[in-house]
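What follows is one structure encoded as structure tokens, with my remarks underneath.
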Amino acid sequence: WMYSLGLRSAAELGLPDFIGIGAQKSGTHWLRANLAHHPSVYLPPEPKEPHFFDKEFYKRLNDYAALFAPGQGKVKGDITPGYSTLSRRRVRFVRSVAPDARLVFLMRNPIERAWSHALMDLVSRSGRRYEDVGDREFYAHFKRRTARRRSDYLRTLDCWLSVFPESQLFVGFYDDIVERPRALLSGVFRHIGVSEDVDWSSFPYRETIHRGPRIQMPDACRAFLEETYGDAVEALARRFGGPAEEWRHR
């Protein structure tokens, strides 16, 4: 609370220089794997997702800062997709302790993201076979508040940009990881302030970004999710064009 009120300064703590705020199942694992190969970037090896600003907020800020101490002299980062769901009040705290942090947000077609999220929770993490998960469980997962919020990119963007200037936010697309991975990674490098003049052969940017089961979405689930996120897809297409525009036709 002393940092929130400005009674103590976090300037000397060595907090992250950039923060990956999501979205979950949108390529953040790929992004972390590639940034970890950059000689000027430091990401904590464990935990790979610090979750300080959401799940671990009860801990001391000094404990969080200690995760980045080995990265002194490098551009330090925290990539935690859960930060996409933070409240505006919590985002204001992030700004109070890391006012100059560069933000990175990756988006994926919210319909595809929701399906991948459900597979992760109901199949991969549960240890069950896809055939053993009932339709009701999938629909219940699609309707969960937490799942809906992770696909609500407009809310995430509006929340963070109400606190941070737009110049500090990089928005990328999962589609570009698939089709133009090096170009996307170069954009991230420029945004966080590290060199693009690297040995690209040492980066796994061409490697697959799929994690977990690759199961085609049933038509009934797609129809349900298209109805759920149809308006959001239209709004994102109008706002960003490019890959978001293509989501309207899938």
If one puts a single equal scatterer on every Cα of the chain and applies the Debye formula without solvent, what log₁₀ I(q)/I(0) results at q = 0.09 Å⁻¹?
-> -0.41
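Compute the FRET efficiency between R148 and S195 as 1/(1 + (r/R0)^6), taking r as their Cβ-Cβ distance and R0 = 35 Å, and round to the nearest 0.05. Let's see the in-between values first.
Working: r = 39 Å, r/R0 = 1.12.
Efficiency computed from Cβ-Cβ geometry: 0.35.
How large is the convex hull of the Cα atoms of segment 54-114 per residue, expressed in Å³ as a whole number? Show your work: numbers first, answer last.
Numbers: hull volume 7.1 nm³, N = 61.
It comes to 117 Å³ per residue, whole-number rounded.
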Starting at the first residue of segment 126-134, write each ³J(HN,Hα) from the Karplus equation 6.51 cos²θ - 1.76 cosθ + 1.60 with θ = phi - 60°, in whole Hz, x for Gly and Pro.
-> 7, x, 9, 7, 4, 5, 8, 9, x
Expressed in square angstrom to the nearest 10, the accessible area of S9 with a 1.4 Å probe stands at 90 Å²
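Per the Kirkwood definition applied to all pairs of different Cα atoms, how many angstroms is the hydrodynamic radius of segment 1-126? Intermediate results must be reported in sequence, preceding the final value.
Working: mean 1/r = 0.0648 Å⁻¹.
By the Kirkwood definition, the hydrodynamic radius is 15.4 Å.
Based on the Cβ-Cβ distance from R222 to H37, what FRET efficiency comes out when R0 is 51 Å, to the nearest 0.05?
On the way: r = 36 Å, r/R0 = 0.70.
Result of the calculation: an efficiency of 0.90.
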Just how large is the dipole of the chain about the Cα centre, in debye to the nearest 20, putting +1 at every Lys and Arg Cβ and -1 at every Asp and Glu Cβ?
-> 700 debye
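Between exposed GluC sites (Glu not before Pro) in the chain, where DSSP calls loop and at most 15 other Cβ atoms lie within 10 Å, what's the longest gap? Before the final figure, lay out the partial values.
Numbers: sites that count: E12, E56, E196, E207.
It works out to 57-195.
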Would you list which lysines come within 21 Å of K74, measuring only between C-alpha atoms, while excluding same-chain residues fewer than 8 positions from it?
-> K48
Prolate/oblate/rounded call for segment 149-250, Cα gyration tensor, a/c under 1.5 rounded | oblate
Sorted by packing (mean other beta-carbon atoms within 10 Å per residue), highest first, where do 57-63, 15-21 land?
-> 15-21, 57-63
On the accessible surface of segment 118-250, probed at 1.4 Å, how many percent belong to carbon and sulfur atoms?
-> 44 percent
Taking amide hydrogens as modeled 1.01 Å from N in the peptide plane, which residues meet the under 5 Å criterion relative to L169, leaving out close sequence neighbours?
-> L103
For segment 20-145, report the accessible area per residue in Å² (1.4 Å probe, heavy atoms, rounded to an integer).
-> 46 Å²
If you stretched the chain out fully between L169 and E131, how much longer would it get, using 0.36 nm times the residue separation minus the C-alpha to C-alpha distance?
-> 9.6 nm
How big is segment 94-165 on each of its three principal axes, counting only the C-alpha atoms and giving the largest first in Å?
-> 47, 20, 18
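The values are calculated or read from the model by the stated rules, or taken from the named source; none is laboratory data. Quick caveat: nothing in here was measured; it's all calculated off a predicted structure. Methodologically, a virtual Cβ is constructed for each residue, glycine included, from the backbone with ideal geometry; neighbour enumeration extends over all protein chains shown. The area values use the complete protein model at the heavy-atom level, side chains included, leaving out ligands, DNA and RNA. Shrake-Rupley method; radii C 1.70, N 1.55, O 1.52, S 1.80 Å.
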